[in-house]
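J.: Handing you this structure, nothing more for now.
We did not get these values from a lab; they are worked out from the coordinates using the rules stated. The structure displayed is predicted, hence computed values, not measured ones. Because the Cβ atoms are built from the backbone with ideal geometry, glycine has one as well, and the counts that use them run over all protein chains shown.
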Amino acid sequence: MNRVLVIIPAYNEAESVEGVISSVKKELPDAGILVVNDGSTDTTGHIAKKLGATVIDLPYNMGIGAAMQTGYKYAANMGYDIAVQVDADGQHPPDQIKHLIGPAMEGRADMVIGSRFLGTGEYQPSLARNIGIKVFAMVVSMITGHRLTDTTSGFRAASKEAIRFFTQTYPEDYPEVEVVVLLHKAGFHIMEVPVNMEPRSGGKSSITPLQAIYYMIKVLLAVFIDMLKKVER
């Protein structure tokens with residue numbers, strides 16, 4: 001039987017993390033739950049511990065890349081077969097996790113990305129975010145030779161082999177797009193599945209429109225640099 005770990009990176013998500021953890025427990029009662037508390041200044045970590053989740057407290061806000069790599073290292077050390085990233089803001093419904101872990105469990109993919117743009121999803125991003133999503137999807141699709149629609153989605157599942165890879169190689173800033181390119185270069189199989197996502201259940205996004213533009217430029221530069229790197233499994 002495959003052992004599944006749900007990794008929840010969290011930074012100041014006290015308003016929503018309780019609901020996320022409770023929903024994960026309901027949908028996947030046998031899964032492990034790890035909250036990587038990324039230097040929160042609120043009660044995020046306390047709430048997660050109170051609910052029985054394993055919590056790793058980072059000393060300060062290190063960013064999503066460091067938080068997720070911490071989670072993958074924990075998954076590898078504890079012998080998990082599948083690791084699922086679920087954001088702490090409530091946008092990733094735990095009842096959709098089964099769509100992500102199925103292909104990974106069956107050996108059909110090393111990384112399964114939940115896409116908001118396949119199927120009948122009604123996700124409507126802002127104009128700036130929508131431009132970035134489409135640009136990234138077009139660039140990464142050209143690089144990989146496969147049509148991808150939602151490379152910025154953080155709702156994803158990784159196989160045991162991908163988990164091991166991530167313990168050694170994982171981008172620091174806004175890693176979702178870069179990860180797809182690095183996995184492709186290392187010979188891993190990536191696929192998307194349709195999922196529905198929800199609006200944030202609490203708090204607010206830390207990304208402003210100006211930051212979104214900076215993010216798009218920075219990630220595109222990082223992707224092109226990644227294309228020049230030698231990447232090994």
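J.: I'd like the full set of residues that are assigned to a helix (DSSP H, G or I) and among the aromatic types (F, W, Y), limited to the range 43-79. Give the steps one after another, and end with the answer.
T.: Residues of the range 43-79 assigned to a helix (DSSP H, G or I): 44-50, 64-77.
Of everything in the range 43-79, those that are assigned to a helix (DSSP H, G or I) and among the aromatic types (F, W, Y) turn out to be Y72, Y74.
J.: Still on this structure, I have one more. Output the residues belonging to the range 63-103 that are more than 20 Å from T152 (Cβ to Cβ) and aliphatic (A, V, I, L, M).
T.: A75, A76, M78, I82, I101
J.: A further question on this structure: Report, by residue number, each residue of the range 87-120 that is out of contact with any Leu (no Cβ under 8 Å at 6 or more places or on another chain), over 16 Å from R3 (Cα atoms) and of a type in the set (A, V, I, L, M).
T.: Selection gives A88, A109, L118.
J.: Looking at A53, A66, which one is out of contact with any Ser or Thr (no Cβ under 9 Å at 6 or more places or on another chain), closer than 22 Å to Y174 by Cβ and surrounded by fewer than 24 Cβ atoms within 10 Å (Cβ to Cβ)? Before you say what the answer is, go through the steps one by one.
T.: Numbers: A53 fails: closer than 22 Å to Y174 by Cβ.
The conditions single out A66.
J.: Right, another one. Which one is surrounded by the most Cβ atoms within 10 Å (Cβ to Cβ) among residues in the range 141-157 that are closer than 11 Å to M191 by Cα and out of contact with any helix residue (DSSP H, G or I) (no Cβ under 6 Å at 6 or more places or on another chain)?
T.: R156
J.: In addition: Name every residue in the range 175-196 that is surrounded by fewer than 20 Cβ atoms within 10 Å (Cβ to Cβ) and under 23 Å from V17 (Cβ atoms), in order of residue number.
T.: Matches in the range 175-196: N196 only.
J.: For the range 152-162, indicate whether the set of residues that are part of a loop (DSSP other than H, G, I, E, B), under 16 Å from V219 (Cα atoms) and among the polar types (S, T, N, Q) is non-empty. Even if it seems obvious, please write down each step before you answer.
T.: Keep residues of the range 152-162 that are part of a loop (DSSP other than H, G, I, E, B), which gives 152-155, 159.
Then keep just the ones that are under 16 Å from V219 (Cα atoms); that gives 152-154.
Checking the rest, the ones that are also among the polar types (S, T, N, Q) come to 152-153.
There is at least one residue in the range 152-162 that is part of a loop (DSSP other than H, G, I, E, B), under 16 Å from V219 (Cα atoms) and among the polar types (S, T, N, Q).
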